[in-house]
Amino acid sequence: ETGVTQSPTHLIKTRGQQVTLRCSSQSGHNTVSWYQQALGQGPQFIFQYYREEENGRGNFPPRFSGLQFPNYSSELNVNALELDDSALYLCASSYLFGSDEQYFGPGTRLTVT
Amino acid sequence: SQQGEEDPQALSIQEGENATMNCSYKTSINNLQWYRQNSGRGLVHLILIRSNEREKHSGRLRVTLDTSKKSSSLLITASRAADTASYFCATAPSNDYKLSFGAGTTVTVRA
């Protein structure tokens, strides 16, 4: 148990729709990162938030956006869903800004039809 | 693109045997981490080794890092059925904070 929770566990959406995924970090963790993991692949970095500000993103288009709240919760929003967005979405929190040990949630499995 | 590449892609061993997997990467790093993932769920952090360290142990895990060859290895000794999982290396580049994961090694431990 990492103390990081995500909701929902599974989600099915139709192409073109919008989706919001939620994450609750460990208390005291000021940094949250989001990852996309396609089947059979490793996680791909989407973006990282530190104290409610986005401080970097990976190679993902602007239709992927996020929010971080003062109560250690965060959201990943994806607009105009495409079939290739089907994946496991993972959030990970950490004490420090940067790239030290991260605590992952169980993930949300998104299926786009 | 993924900076780390694990080798082999899959590994099947008998309970009690040792499992070794390798990770190669491309750019200079701040640290390298190994994670375990069971059945497509969340990742669990196993061990972090910094660029100025050469070897690190944690229980039945031993990690080595060779920065001159840009490679690392993870050894799991006396494997158990519960070690069946996918193992990922993740690198933190020197000039960046983004963790970059490889595609993973799938380990199956047979009873």
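The values are calculated or read from the model by the stated rules, or taken from the named source; none is laboratory data. Since the structure is predicted, the reported quantities are computational estimates derived from the model, not experimental observations. Quick reminder, even Gly has a Cβ in these numbers, built from the backbone with ideal geometry, and neighbours come from all protein chains shown. SASA here: full protein model, heavy atoms, side chains in, ligands and nucleic acids out. Shrake-Rupley method; radii C 1.70, N 1.55, O 1.52, S 1.80 Å.
Of note:
- For B:LEU65, the shell of other residues with beta-carbons less than 13 Å away shows a net charge of +3, using +1 for Lys and Arg and -1 for Asp and Glu.
- Net charge of the neighbourhood of A:GLU82, taken over other residues with C-beta under 10 Å away and scored Lys/Arg +1, Asp/Glu -1, is 0.
- Bridgeable aspartates and glutamates around B:LYS26 (alpha carbons under 17 Å apart, same-chain partners fewer than 8 residues away excluded): B:GLU5, B:GLU6, B:ASP7, B:ASP66, B:ASP96.
- Kirkwood estimate for the stretch A:65-113, i.e. one over the average of 1/r between Cα atoms, Å: 12.6 Å
- Estimated distance in nm for a label pair at A:ARG63 and B:LEU75, the labels positioned 7 Å out from Cα along Cα-to-Cβ: 4.9 nm
- Within the accessible area of chain A (1.4 Å probe), percent carbon and sulfur: 50 percent
- Among B:42-53, B:57-68, sorting by the average number of other beta carbon atoms lying within 10 angstrom of each residue, highest first, gives B:42-53, B:57-68.
- Computed on the protein assembly as shown, the Cα convex hull volume stands at 116 Å³ per residue.
- R0 of 35 Å, Cβ-Cβ distance B:GLU55-B:ARG110: FRET efficiency to nearest 0.05: 0.75
- P(r), alpha carbons of chain A - 10 Å bins starting at zero, rounded %: 16, 51, 29, 4
- Taking every C-alpha pair closer than 8 Å and separated by at least 6 residues, the mean separation divided by the residue count of chain B gives a relative contact order of 39 percent.
- Legend: mean number of C-beta atoms from other chains within 10 angstrom of residue C-beta atoms, peptide B:42-49, equals 6.
- Residue-normalised accessible area of the protein assembly as shown, given per residue in Å² at a 1.4 Å probe: 46 Å²
- For chain A: relative contact order, % (alpha-carbon pairs under 8 angstrom, 6 or more apart): 38 percent
- Listed residues A:LEU21, A:SER33, A:PRO70: farthest to the positive end of the dipole of chain A (Cβ charges): A:LEU21
- Available extension along the chain between A:ASN77 and A:THR9 is 22.9 nm, counting 0.36 nm per residue and deducting the alpha carbon span.
- Stokes-Einstein diffusion coefficient of chain B, Kirkwood radius over Cα pairs, 10 °C, 1.306 mPa s, in µm²/s: 115 µm²/s
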